[in-house]
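The values are calculated or read from the model by the stated rules, or taken from the named source; none is laboratory data. All values derive from a computational prediction rather than experimental measurement. Neighbour counts are summed over all protein chains in view; Cβ atoms, including those assigned to glycine, are modelled from backbone coordinates with ideal geometry. What goes into the accessible areas is simple: the full protein's heavy atoms, side chains included, and nothing from ligands, DNA or RNA. Shrake-Rupley method; radii C 1.70, N 1.55, O 1.52, S 1.80 Å.
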Amino acid sequence: MHVFVTGVAGFIGANCARQLLDQGHSVTGIDNLNDYYDVSLKQARLAALTEHQKFQFIEGAISIIEYRTSSFSISRSCFFSSTPFSVEAISIQ
C-alpha cells in the first residue's frame, strides 16, 4: 500500500511513517518544517526516514487537497494526517 503522511517530520508523523515503512509499505511524507519547535529534531527524523528506499519527502505546506472522482490515479492508497487541516480545503471536482 502507498501511504501519504502529513507532518512527517513531527513526532507522531515520523513514528507512523517508520512503522509503515518497516511493514513494507511505501510512504510519501510532507512537512513544511516550521519552527514551532527545534527544526534540527525534525531534520534528524527525516534523515532516519530517508534511509528507507520506499520513502519520499515533499517539503511544503498542505493547503489544498484535490480529489477527482473520475481520475483518481493512485489505487489502494491511504491518507494519514498527523496535522489538522480544514475540510474546506478539500476540493471535489
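Summary of computed values
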{"quantity": "Residues of the range 6-20 classified as within 16 Å of Glu51 (Cβ to Cβ) and in contact (Cβ under 8 Å) with a residue 12 or more places away in the chain, total", "calculated": "6"}
{"quantity": "Test set (1) open to solvent by 100 Å² or more (accessible area, probe 1.4 Å); (2) closer than 20 Å to His2 by Cβ; (3) modelled with pLDDT under 90 - Ile90 fails condition number", "calculated": "(1)"}
{"quantity": "Members of the range 1-56 that are part of a loop (DSSP other than H, G, I, E, B), of a type in the set (A, V, I, L, M) and open to solvent by 60 Å² or more (accessible area, probe 1.4 Å)", "calculated": "Met1"}
